[in-house]
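The values are calculated or read from the model by the stated rules, or taken from the named source; none is laboratory data. Since this is a predicted model, take the numbers as computed values, not measurements. Glycine also receives a Cβ, built like all others from the backbone with ideal geometry; neighbour counts cover every protein chain displayed. For accessibility, only protein heavy atoms count, side chains too; no ligands or nucleic acids. Shrake-Rupley method; radii C 1.70, N 1.55, O 1.52, S 1.80 Å.
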Amino acid sequence: MTAHTDGLVVVSGNPRPGSRTLGLAEEVGRRIADQLGLTATDPVDLALLAPEVLTGSAAVSAARHRVATARVVVVATPVYKASYTGLLKAFLDGYGPDALADVVVVPVVVSASPAHALAGEVHLRPVLVELGAVVPARTFAVTEGQLADVGPLLEAWLERWVATLGRAVPAPLPHSG
């Protein structure tokens, strides 16, 4: 059984540091953490780790460990070529089978076109499930044009999915002493 922390971790697969994708993911993470009584920890901005993702540096290993031991993870990506980014794929490829067992993951995608709204469901969800993650809610998908006023969309998404997320989140393991 994985020892999960009490935290929520945000991962941004955008190759640009400090991207709008990261900002959206942090907002989604804050709102989920507030609703579920979790502590949001520092985000994993993969753009800052990009040169090391394929080599598996200590920083990348630490980021992967934080994700694998979180109770909830928000995984955000812009849509590139109708799918998630290669940077996010490379990061996720570093995990073995069931490495994300019992981690509740919320996919978030930002696309230029509403035609790519299902990229999170069709491409990202299967990889997360293959790694053992629990993905109980639909992807929170927005277009670039919606980023300026994402509040009402996020509120509606939370209203629909927060109870489902809450039921899926594993209880913290008791401390032995």
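Out of 80, 95, I need the residue that is free of Cβ contacts under 8 Å to residues at least 24 places away in the same chain and either farther than 28 Å from residue 149 by Cα or touching a helix residue (DSSP H, G or I) at 6+ places or on another chain (Cβ under 8 Å) (or both). Which one?
Details: 95 fails: free of Cβ contacts under 8 Å to residues at least 24 places away in the same chain.
It is 80.
Within the stretch 120-141, how many residues turn out to be outside any loop (DSSP other than H, G, I, E, B) and either touching a helix residue (DSSP H, G or I) at 6+ places or on another chain (Cβ under 6 Å) or within 23 Å of residue 70 (Cβ to Cβ) (or both)?
So the first thing to find is which residues in the stretch 120-141 are outside any loop (DSSP other than H, G, I, E, B), and the list is 120-130, 134, 140-141.
With either touching a helix residue (DSSP H, G or I) at 6+ places or on another chain (Cβ under 6 Å) or within 23 Å of residue 70 (Cβ to Cβ) (or both) added as a condition, the list becomes 120-121, 123-130, 134, 140-141.
Total satisfying the criteria: 13.
How about the stretch 128-144: which of its residues are free of Cβ contacts under 8 Å to residues at least 40 places away in the same chain, crowded, with 17+ Cβ neighbours inside 10 Å and within 20 Å of residue 99 (Cβ to Cβ)?
131, 132, 134, 135
Among the numbered criteria (1) within 14 Å of residue 21 (Cα to Cα); (2) open to solvent by 30 Å² or more (accessible area, probe 1.4 Å), which single criterion is violated by residue 110?
Failed condition: (2).
If I go through the stretch 44-90 residue by residue, how many of them are assigned to a loop (DSSP other than H, G, I, E, B) and surrounded by 20 or more Cβ atoms within 10 Å (Cβ to Cβ)? Spell out how you get there, then give the answer.
Quick first cut of the stretch 44-90, residues assigned to a loop (DSSP other than H, G, I, E, B) only: 53-57, 70-71, 79, 81-82, 84-85.
With surrounded by 20 or more Cβ atoms within 10 Å (Cβ to Cβ) added as a condition, the list becomes 53, 70-71, 79, 84-85.
Of the residues in that region, 6 qualify.
Just a yes or no: is a residue in the stretch 160-174 free of Cβ contacts under 8 Å to residues at least 12 places away in the same chain, outside any helix (DSSP H, G or I), of a type in the set (A, V, I, L, M, F, W, C) and open to solvent by 30 Å² or more (accessible area, probe 1.4 Å)?
There is at least one residue in the stretch 160-174 that is free of Cβ contacts under 8 Å to residues at least 12 places away in the same chain, outside any helix (DSSP H, G or I), of a type in the set (A, V, I, L, M, F, W, C) and open to solvent by 30 Å² or more (accessible area, probe 1.4 Å).
Does residue 134 fit the bill of being among the hydrophobic types (A, V, I, L, M, F, W, C) and out of contact with any Asp or Glu (no Cβ under 7 Å at 6 or more places or on another chain)?
It is false that residue 134 is among the hydrophobic types (A, V, I, L, M, F, W, C) and out of contact with any Asp or Glu (no Cβ under 7 Å at 6 or more places or on another chain).
Anything in the stretch 91-119 that is farther than 24 Å from residue 156 by Cβ and assigned to a loop (DSSP other than H, G, I, E, B)? List them, or say none. Steps first, answer last, please.
Within the stretch 91-119, the first condition is being farther than 24 Å from residue 156 by Cβ, and the residues that meet it are 91-103.
Of everything in the stretch 91-119, those that are farther than 24 Å from residue 156 by Cβ and assigned to a loop (DSSP other than H, G, I, E, B) turn out to be 94, 95, 96, 97, 98, 99, 100, 101, 102, 103.
Counting only residues that are among the aliphatic types (A, V, I, L, M) and either modelled with pLDDT under 95 or in contact with an Asp or Glu (Cβ under 7 Å, 6 or more places away or on another chain) (or both), how many does the stretch 54-85 have? Lay out the reasoning, then the answer.
Quick first cut of the stretch 54-85, residues among the aliphatic types (A, V, I, L, M) only: 54, 58-60, 62-63, 67-68, 70, 72-76, 79, 82.
Filter again for either modelled with pLDDT under 95 or in contact with an Asp or Glu (Cβ under 7 Å, 6 or more places away or on another chain) (or both), leaving 54, 59-60, 79, 82.
Going through the stretch 54-85 one residue at a time, the tally reaches 5.
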